[in-house]
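Asks: One structure, pasted below without further comment.
The values are calculated or read from the model by the stated rules, or taken from the named source; none is laboratory data. This structure is a prediction, so every number in the text was calculated from the model and none was measured. Positions of Cβ are generated from backbone atoms using ideal geometry, with glycine treated the same way; all protein chains shown enter the neighbour counts. Areas reflect the complete protein model, heavy atoms only, side chains present, ligands, DNA and RNA absent. Shrake-Rupley method; radii C 1.70, N 1.55, O 1.52, S 1.80 Å.
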Amino acid sequence: RDNDDYIKSKYKMEKDIWSWQNESFHIRLPRNTEEIIEEGDKQKHCVGMYIDRVCNGKCVILFLRKNDAPDQPFYTVEYARGEIQQYRGFANKPVEGYHVQTKQFLEQYQRTIRKRLYEENAKKRMAA
């Protein structure tokens, strides 16, 4: 199965698990490999090189967006080994004026996603 099929399938099956928002921001999975490549091009960073890692289950790439600009890249997030490993704005830098808000959002998100993933794994264990 090719990488694009994997990313599309992950989005379709897991988008509700990985998506979350507050009054200012929302975070979501990429819909396909093209979106990941475009994110790297627009943000001037190397997220496109992570596609194989995503498809091998080594990490999850997420897009953090401002609610008032949902289609405009803001931050790209890598989640692996049970926590957020990194988040990068344009040219791998923090977005001026948003560092504290972004950090607080991602701390809340990490607590939320850990709980969701634990609950999802518990459901799978019960079904087995």
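Every residue, every condition in (1) modelled with pLDDT of 95 or more; (2) under 25 Å from Asp5 (Cα atoms); (3) aliphatic (A, V, I, L, M), yes or no:
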| position | (1), (2), (3) |
| --- | --- |
| Glu39 | yes, yes, no |
| Ala69 | yes, no, yes |
| Gln110 | yes, no, no |
| Ala122 | no, no, yes |
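Asks: Next up: Sort out which residues of the stretch 20-31 are open to solvent by less than 40 Å² (accessible area, probe 1.4 Å) and under 12 Å from the mean Cα position of the chain (by Cα), and write them in order of number.
Replies: His26, Ile27, Arg28, Leu29, Pro30
Asks: Residue under question is Gly48, and the condition is that it be closer than 22 Å to Asn121 by Cβ and under 14 Å from the mean Cα position of the chain (by Cα); does it hold? First the steps, then the outcome.
Replies: On the way: closer than 22 Å to Asn121 by Cβ: no; under 14 Å from the mean Cα position of the chain (by Cα): yes.
So Gly48 does not fit the description; no.
Asks: Restricting the search to the stretch 18-50, which residues are touching a residue at least 40 places away in the same chain (Cβ under 8 Å) and in contact with an Asp or Glu (Cβ under 9 Å, 6 or more places away or on another chain)?
Replies: Matches in the stretch 18-50: Ser24, His45, Val47.
Asks: Output yes when any residue across the stretch 2-17 is open to solvent by less than 80 Å² (accessible area, probe 1.4 Å), closer than 16 Å to Val77 by Cα and assigned to a loop (DSSP other than H, G, I, E, B), and no when none is.
Replies: no
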